[in-house]
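Below is one structure, written out as structure tokens; the observations come after it.
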Amino acid sequence: MSALFGMLVTRPEPGKVKPGLAEVVGAPAAARLYRSCIMDLCERFAYLSVPTRVLAYAPSGSRKAVSLLASRHWRLMRQEGRGRGQALVGLFEYAWRLRCQRAVVLLTDCPTVPGTFVIDAFDRLLIDDVVLGPTTDGGVYLVGLSLERPELFLGLDWDSGGVFDALVERADAFGLILGLEPHWYEVEDRAGLDRLAGHLRALAVVGDEHIPRRTQTLLQRLRLV
């Protein structure tokens, strides 16, 4: 079965990314952290066993800046519309145009999200219509589809803490078969940053081979690990 894996990416410009972290470490450091997280994720998932890997970038005109974060294993496409909901619809519609039968999109830039969650999401889509990965604060870090239902993502407040509940309600209302991945954390504020730092320390202690090295090095330089 043809499949697509995608990520939504923003140009790592100070003052435009990670506003919650910018209040803690400053806008330049927050942008550097976002950049390192995306680069670690791109490296880890570059060899994911799917035919197509896509970075959907924003804003318009940032293709070159985003291309520097990834490798030749990724295709680039400009995000369509405004907001996360429309960007998701555009990416899934791109997958259907390629005749992909399963598509999974990673919405988080947390570099420690387990690759097994993504692999399991693709496996679940062999049976399920939609797969969601909830965050610990009520959002979602992953969405997957095996059929065309773009209306699932439109008209939602993606910045609220209730988007996971809203998506579950919609999936139920549409009669879709829903699959769930485990909860994972985001890195959007001081609490998330502390959680990431603690997690990286633990991964270093156990010698985990998938530790996000760029993010680890940056946090050490910032004296946050």
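The values are calculated or read from the model by the stated rules, or taken from the named source; none is laboratory data. Since the model is a prediction, treat every value here as computed from it, not as a measurement. Ligands, DNA and RNA are stripped out before the accessible areas are found, and what is left, the full protein with its side chains, is counted by its heavy atoms. Shrake-Rupley method; radii C 1.70, N 1.55, O 1.52, S 1.80 Å.
Does region 35-141 classify as rounded, prolate or oblate by the C-alpha gyration tensor (a ≥ b ≥ c root eigenvalues; a/c under 1.5 gives rounded; else a/b over b/c gives prolate, otherwise oblate)? Since a/c stays below 1.5, the shape of region 35-141 is classed as rounded. Extents of region 102-195, largest first, come to 39, 28, 16 Å (Cα atoms, principal axes, whole angstrom).
Once all protein chains are placed together, Ser49 keeps about 120 Å² accessible to a 1.4 angstrom probe. Here the chain has 49 percent of its accessible surface on carbon and sulfur atoms, given a 1.4 Å probe and all protein chains in place.
Residues Tyr141, Tyr47, ordered by accessible area of protein heavy atoms at a 1.4 angstrom probe radius and largest first, appear as Tyr47, Tyr141.
Amide H contacts under 5 Å for Thr135: Val140, Tyr141, Trp184, restricted to partners 5 or more places along the chain or on a different chain, H placed in the peptide plane at 1.01 Å from N. The alpha-carbon positions of the chain define a convex hull whose volume is 114 Å³ per residue.
Residue ranking by accessible heavy-atom surface, 1.4 Å probe, largest first, among Trp184, Trp74 comes out as Trp184, Trp74. Under 5 Å from the amide H of Thr52 lie the amide H atoms of Ala3, Phe5, each residue being 5 or more positions distant or on a separate chain, with H modelled from the backbone and absent for Pro and chain starts.
When a/c reaches 1.5 or more, the comparison of a/b and b/c decides; with that in mind, is region 156-225 rounded, prolate or oblate per its Cα gyration tensor? In terms of gyration-tensor shape, prolate. Solvent exposure of region 1-141, expressed per residue, is 43 Å² of accessible area, with all protein chains present and a 1.4 angstrom probe. Rolled with a 1.4 Å probe across the full set of protein chains, the surface gives Cys100 an accessible area near 10 Å².
Quick check: from the Cα gyration tensor, does region 80-153 come out rounded (a/c under 1.5), prolate or oblate?
Since a/c reaches 1.5 but b/c is at least a/b, the shape of region 80-153 is classed as oblate.
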